[in-house]
Structures are given as structure tokens and as C-alpha cells.
1. Out of everything in the range 356-374 that is of a type in the set (G, A, S) and part of a loop (DSSP other than H, G, I, E, B), what residue ends up being farthest from A276 (Cα to Cα)?
2. Being modelled with pLDDT of 95 or more, in the same structural domain as S282 (by TED's automatic domain parsing) and closer than 17 Å to K627 by Cα, is that true of even one residue in the range 361-374?
3. Would you confirm whether any residue within the range 78-89 is among the aliphatic types (A, V, I, L, M) and under 18 Å from V180 (Cα atoms)?
4. Report yes if L209 is out of contact with any strand residue (DSSP E or B) (no Cβ under 8 Å at 6 or more places or on another chain) and either in the same structural domain as I376 (by TED's automatic domain parsing) or crowded, with 23+ Cβ neighbours inside 10 Å (or both), otherwise no.
5. Which residue, of T338, T385, is in contact with a Phe, Trp or Tyr (Cβ under 8 Å, 6 or more places away or on another chain), assigned to a helix (DSSP H, G or I) and not small (G, A, S)?
6. Does G262 qualify as being closer than 17 Å to K189 by Cβ, out of contact with any strand residue (DSSP E or B) (no Cβ under 6 Å at 6 or more places or on another chain) and assigned by TED's automatic domain parsing to the domain that holds E219?
7. What tally of residues in the range 212-231 results from selecting those that are without any contact (Cβ under 8 Å) to a residue 24 or more places away in the chain and either among the charged types (D, E, K, R) or in the same structural domain as L373 (by TED's automatic domain parsing) (or both)?
8. Given (1) under 21 Å from W253 (Cα atoms); (2) free of Cβ contacts under 8 Å to residues at least 12 places away in the same chain, where does E106 come up short, assuming only one miss?
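The values are calculated or read from the model by the stated rules, or taken from the named source; none is laboratory data. Quantities reported herein were computed from a predicted structural model and do not represent experimental measurements. FYI the Cβ positions are ideal-geometry reconstructions off the backbone, even for glycines, and counts take in every protein chain you see.
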Amino acid sequence: MKRLASLLTMMLITFSAFAGNYQNFKVSVYTRAYEVQKMKDPKWLDSTWNIISSQAKIDRIYLETHRDLIIVDDATLEAAKKFFKSKGVETAGGITYTVNESNNFETFCYTNPEHRKKVQEIAEHTAKHFDFFILDDFFFTTCKCDLCIKAKGDMSWTEYRTKLMTEAGKNLVIDPAHKVNPNVKVIIKYPNWYDHFQGAGFDLEHGPLMFDGVWTGTETRDPSGDQHLQNYLGYNIIRYFNNLRPGFNYGGWVDSGGIGMGMDRYVEQLWLTMFAKAPEMSLFDYRQLIGTTLRDSYKTPWQGMGTSFDWNEMSQSIKQKDGSMVKPTTLARAVGVTFDALDKFIGKLGKPVGIKSYKPFHSNGEDFLPNYLGMIGLPMDMYSTFPTDQKVVLLTEQAKYDKDLISKVKAQLSKGGDVVITSGLLKAMQKEFFDIAEIRCTDLKAIVNDFGRYGTSDKNILIPQVLYYTNDAWATASAGYPLTNGVINFPMMVRAPYSKGNLIVLTIPDSMGDLYDLPDQLLNTIRTTLSKDLNVRIEGPSKVGLFVYDNNTFIVESFLDEPVTIKVVTGENVNQLKNLVDNSVVTVPVSFGNAGMGGANPMMMFMRRGMTPSKSFEVTLMPHSYKVFQIE
């Protein structure tokens, strides 16, 4: 009965996400303890909330009880809750377990008894005021004090910290909070740097099951920053965390950290999160929504071209419920127009589907590669168990953490499926893969820019040299410097038959961003190879994303700074693509399955035999814009 009651409570949380201002999701604002403290002043609270609420529709507000050793007092929390209830806005709690965020994100030491006591007191204080609270993404540790060094002993830092933080989550936060408030739900918000979690103590194997749910950091900001935050991550990470415990990933979370790249970059984070069907979008934070003012420097050069985010539309005065007009002044207005547009079609999309890749728990290697693959038009769907229901399974270097990997690969091949492995995985496990095909990834490198029938690159690309035995395996794509009329080639894709299936090695450039510089025709061949489980794929340049759903709907989005025309390839029985935003349709003549295949040779003939007849539809996208389609 207790478990049933808990499940019913979580269902109510999920269902309530669609009972607010929007039909398909909930929008919330996270508020730091610094700003919550200021809410003791009713005038400040009323005036600042009016700035936000007059420009955007907000369903819920998270009131943080602690950050940087600031603990908000009972009276202020209760007064704020009463104020927002009077405005028809739900309230929930939040905790950031930092000692001094400005000091390299200094967190508590979970080995130190005094710190542990304080962590528990903060959880109990929060549970006293809220039935639902989120741990901001600092519930980790990088402490290497003498206490931690002694406690770690012979364990690795990863092993020690994951054990320590899992124990602390249960004994210092979850259990004490539940003791104070049996109805409380404790949610952990995971940040965006998922491939490095284990090094700081985040435990994705046990944490999502131990906490009452998870929240997802979908901030992507500047792709060239230290965290390698490619745009596509904002979608991919929601899918990954949802696959860890389906139905218990309750929302995405963005900030304005990348707004210097333009307002388009900020709002793109919002819609990528919604493309992944997040039930709620949390905006970090109250301070940014009242203090980030609209200015021309945030207007990108491509505005005025009919982009998905329209600066001029955002700049129009907003009619209030009382009939008055309000002029947009802050970031909040960009939020308002973006969610108004998203709510019109998000409910028409089915469950997201994609190319299943395997990431064992606590694994790394070729870090964040699936996000780069998403940026070249491959719809990614990451799992922490080996997929057994697919025609094609993708394995990056991280799969090496599974000691039973080879037997799982053989099982996939023996039933007639394909397995695509990256050169990084081959390099890490080439002796193990010898039992399937004697293919090697050497320590040698090659500079390439010519891909033969697939075209050329505008820049030189450094790749690892992959070797194979002639006739035992075949190169389906090669490169050289030059390749045409050159003296040597280097494989970009190698196919080796085994049982009823095929092992395919995909060469990844040493700099993963160089994937974006591969010629269109080569990208088309990679997409064809990996998309056998999907009813749609795209052809064209990189930096165009594809998002696929199980009800014959899909989205294409351009991450480029200029207009682009792509081809959408579907099955031959498709008559048209219906735009779900403006109800227009796209129709074209039939073209049968040879897209991206280039000239004829034995391997091209093999690949053609594995293809089904298809139609292609031309779609033009404006810079940093999306289109939503129903396949009919």
C-alpha cells in the first residue's frame, strides 16, 4: 500500500504538469536563496514578480532554502509561499549544497561530520516547508581534504565518491526529509556533463532509483566552452536520463549562460528540451528573468528571415488580462513567446525514438560523442543496457566497460542485426573483436581531405588509421590526401560480415568537431547505415538535426547561420509531409533508394541491396530554425 501511495503521488505530480497555463507542459522558475531572502520585502517581491508574470506564463516557482551557507528563515519562506499561492502559482523547494559557489563551486565535504550534520539539517528544514523539492546540480563532491584522502584508502576517487554520495543522498537527505514530512518528494537535478559524473560522485546506476525522480540540466550555452556542450545535448540528455528510469525524468533546466551568442541560442535550449517531451521546463533563475534586459546585441544577424524565433514578434507590446499593454523589457518575454509557439504542436508528437547506443554505467571514452553525431543528423537514443530489439546498434568507446560486450555483439550479429562500432572502441578492444573480424585501429594517424566519390572537405582532418584484411572486410567509404589520383587511402567505414549480420567500423576524427566538415555525401552514407530502424532520415550538410517520434511525426532543425535546403527521405508509400505549425504540405517525385551511394563498386551494390525504395522531400530551413512534420 505504501508503494502504491507513492506511485499515485508521483503520477499526480506528472499529471499536474498539464494543468497550468499550457496544455502540454509546465513552466517554472528556480529562485536562488539570495533572491528568496529578498522576498521578505513585500514591495520587492510584488514589483519583481510583476516583471516576470507580465511577460511570461509561469506555473510553478522553486524557492531555494540554502546556497553558500545562506539559510532562508521560516517566516520568509512561508510569506513567499502565501504570496505565490495568491497569484495561482504552485510552490516547491530547492537546495544548493554549496559552501561557496564562487570558489570553484566549493561543495560540502561529505566525509566531515560537521558538514554532514549541516547537510541533514538543511534537508529537514526544507522538507518542513515543502512537499516537493529539488537538489540543484551541486550535490556532488570534489573534496580532497585529509579526511577524504584517509577515507578513500585504496579505492579510486570515482569508486569512493560514488559510494559516498549515494550513501549521503539516502542517509543525509532522503531519509531525514521523509521523517520530517512523509509526503515529501526529493528530486535530484543532474547537470549536463553526464560523461564525467562518476568523477564527482554522481551515481546514475543507483541515484535515479533512490531519489523520487530526476531533473535534467539541458543548458548547452557555447559549444566551444570547456564542457563540450554541443547544441544537440539539450535533447539527447533528456532522452538518456529518461531511459535510466522511464517516467521519472520530470523536467529540463536551462540558464542564460549562452545569451552572448544571441537570443536565438537561449530559446533554442527551451525548444530542444521540449522536443524531448520534458513534462516541465525550469528557468534558472528569478534573478536572470528580472535582470537580463532586452538589448540589440542579443539580436542575431539572421533575424528578419522568417526564423522560428522572431525578435520583432517578441518586441511587440503584450496585452494583459485587464486590457492594459506592457512593453517587453527582459528575458522573460523571450520565454513567453517561445512556449506559446511550442504548445501549439508538442502535443501532436509521439514518443521520441532514435538510433540506440549503449553507454554502460560510469563509463567514459570518446566523451559526449553522441551529441556530435546528433549534430550531423543522427537521432540519438542512449541506453545503459545493451539494446536487443534493433536492426542496428551503435557502440562508442564507452561500451568497453561491459565485460560481456563481445558475447552481446555476437548475439546481435547472429540474429541478422548490424553493430556499428567507433574507431575508439575498436582501439580499446581490438584483440577482443578479433574473434569477429581482425580489424585494427593503429597508433598511426592520417591527414585527409578527399573522400573520393563522396566529395572533399574544405579543411584537413586528422583521423586514426584503421587496417583490415583484404576480402575479409571491405571499406564502404575511404579518404586520402588526396584520395582521387592519390597513392593511399584510409577507411572511413569498414564492413565485416559475421554470421547473419555485419560489424561496421566508423572512423571518428581525432577532433570530434571535424565530423561537421565531412562532405554531405559521406554523411548521407553514414546516416543510411545507421538509420535502418527509423522511417525517416535526412540528406544534406552537418549541423542539421533530426528528431523522430513513434507516431509518424518528426522535426528538423538547422543549427547553421544561413538558410539550408535538405532532403527528407521516407518510405515509398509516403504521399506528403504536412507541416504541423502552418498546415502546409510538401510533395515531390519518387526517387528510389540510391541517395548518397555514389558510384558503383561491390560494396555500393551490397549497400543498395539492403535498402528499400524511398521518396525524398526537399525542405528549406532558415538559420537556427525548425520545422515540424507529419508523414502522410
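1. Among them, the one singled out is G365.
2. Taking every residue of the range 361-374 in turn, none turns out to be modelled with pLDDT of 95 or more, in the same structural domain as S282 (by TED's automatic domain parsing) and closer than 17 Å to K627 by Cα.
3. Narrowing the range 78-89 to residues among the aliphatic types (A, V, I, L, M): 79-80, 89.
Next cut, under 18 Å from V180 (Cα atoms) only: none.
No, every residue in the range 78-89 fails to be among the aliphatic types (A, V, I, L, M) and under 18 Å from V180 (Cα atoms).
4. On the way: out of contact with any strand residue (DSSP E or B) (no Cβ under 8 Å at 6 or more places or on another chain): yes; either in the same structural domain as I376 (by TED's automatic domain parsing) or crowded, with 23+ Cβ neighbours inside 10 Å (or both): no.
It is false that L209 is out of contact with any strand residue (DSSP E or B) (no Cβ under 8 Å at 6 or more places or on another chain) and either in the same structural domain as I376 (by TED's automatic domain parsing) or crowded, with 23+ Cβ neighbours inside 10 Å (or both).
5. Details: T385 fails: assigned to a helix (DSSP H, G or I).
Step by step, each of T338, T385 is checked, and only T338 is in contact with a Phe, Trp or Tyr (Cβ under 8 Å, 6 or more places away or on another chain), assigned to a helix (DSSP H, G or I) and not small (G, A, S).
6. Values: closer than 17 Å to K189 by Cβ: no; out of contact with any strand residue (DSSP E or B) (no Cβ under 6 Å at 6 or more places or on another chain): yes; assigned by TED's automatic domain parsing to the domain that holds E219: yes.
For G262, the condition - closer than 17 Å to K189 by Cβ, out of contact with any strand residue (DSSP E or B) (no Cβ under 6 Å at 6 or more places or on another chain) and assigned by TED's automatic domain parsing to the domain that holds E219 - is not met.
7. 1
8. Among (1) under 21 Å from W253 (Cα atoms); (2) free of Cβ contacts under 8 Å to residues at least 12 places away in the same chain, the lone unmet condition for E106 is (1).
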